[in-house]
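Everything below concerns the one structure shown next.
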Amino acid sequence: MAGADRISALPEETMVSILSLLPIADAVRTSVLSHSWRHLWTLLPGFHADLSPRSGPIRRPENVDRILSSLRGPIRHFSLNCSLLGSQPLYLQHFLDLIFQKEGLCILSLQCSGLLVRVQLPYFYSLENIDLSWIIISLPSDFCGFKQLTSLKLHRVDISQQDIQSLIDGSKKLTSIQLCIRHYKQPLSLTFNCPLLRYLRFNFRDEDVQGRIVSAPCIESTHVTACTVRYIPRLEDLVSVGAASLKFIADIAHVSHLSLNFCLLMIIVEFDCTNFLLCTTKNAISIKSTSF
């Protein structure tokens, strides 16, 4: 009992920090400990929710909704595995709108596990880190960039040419960009003008994907990938992917570290471009191959 009294005597900020280390379900359960703990969890700055078949007690979207609605302060971080939202996709948009009303979001992670749920991303002015996968997103009509954004990771995300270019151009503090875009409606051609960018990962999924580095004076490491051969069976498509990839690499000849996936290396070797690659990247400290 004395131990419990000492914990309860800690400053409220310290107690909230301790609660933030617990899974959200356990943090909510502390409300039964005493009167002073009853509403303490509602001051949490954010949480991770797992809406997957093997998740724990917070696997229903209604429970996530209740927790988000109960949090009293700004929500600084929100992480969601939403593989169970297939039958209730509108919940995800509701969650984002609710977080936007509370303001202050810095870190957003949404992993939708192949569902491709459609949402409009609110204008989170304080957002610093975005990590999205298997989702269809659009941006507000008045969007002009996340001014505090430093890290952008989009994996199997469906987004329009205009929106992704606006996202890159308007977020001048970006230091890390990782893109694997699903874009089947029309060719995708992106330019990168990022004064603080240090790491770039770009995937040439097919012959309709193009990338060009306009300015990235701080870039140090780049990972360039092409989709597997089974996705681009035609010879002319292989040529297009190889040409686009090499042109992209030529724009970043000054990088210190370059990674190429195995499929892209196969294309480079097949079309006898090995010497071009070595001459272009002669300043690189390391060049390595990856399987993905």
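The values are calculated or read from the model by the stated rules, or taken from the named source; none is laboratory data. In this text, all values refer to a predicted model and were calculated from it rather than measured experimentally. Every residue, glycine as well, gets a Cβ built from its backbone with ideal geometry; the counts of neighbours run over all protein chains shown.
Is it fair to say A250 is assigned by TED's automatic domain parsing to the domain that holds K282, at pLDDT 85 or above, among the small types (G, A, S) and within 19 Å of A284 (Cβ to Cβ)? No: the conditions fail for A250.
Once the stretch 174-196 is narrowed to residues that are modelled with pLDDT under 90 and assigned to a loop (DSSP other than H, G, I, E, B), the residue that is nearest to Q210 (Cα to Cα) is P187. The one condition from (1) in a loop (DSSP other than H, G, I, E, B); (2) touching a residue at least 12 places away in the same chain (Cβ under 8 Å); (3) over 17 Å from the mean Cα position of the chain (by Cα) that Y91 does not meet is (1).
For Q162, the conditions (1) in a helix (DSSP H, G or I); (2) at pLDDT 95 or above are fulfilled apart from (2). In the stretch 9-35, the residues that are more than 20 Å from L68 (Cα to Cα) reach residues that are modelled with pLDDT under 80 with C-beta atoms within less than 7 angstrom, at least six apart or across chains, in these pairs: S34/S8. Give the residues of the stretch 139-173 that are in contact with a strand residue (DSSP E or B) (Cβ under 6 Å, 6 or more places away or on another chain) and either of a type in the set (A, V, I, L, M, F, W, C) or more than 19 Å from V209 (Cα to Cα) (or both), sorted by residue number. Passing the criteria: S151, L152, L154, V157, I159.
Checked against the criterion of being modelled with pLDDT of 85 or more, in contact with a Lys or Arg (Cβ under 9 Å, 6 or more places away or on another chain) and more than 22 Å from S17 (Cβ to Cβ), the candidates L51, L92, L98, L68 yield just one match: L92. Contact annotation: residue pairs with Cβ atoms under 6 Å, 6 or more positions apart or on different chains, pairing a residue in the stretch 130-153 that is surrounded by 17 or more Cβ atoms within 10 Å (Cβ to Cβ) and assigned to a strand (DSSP E or B) with a partner that is among the β-branched types (V, I, T) and modelled with pLDDT of 95 or more, are L152/I130; L152/I177.
Only a single item in (1) free of Cβ contacts under 8 Å to residues at least 40 places away in the same chain; (2) in contact with a strand residue (DSSP E or B) (Cβ under 7 Å, 6 or more places away or on another chain); (3) among the hydroxyl-bearing types (S, T, Y) is not met by S113, and it is number (1).
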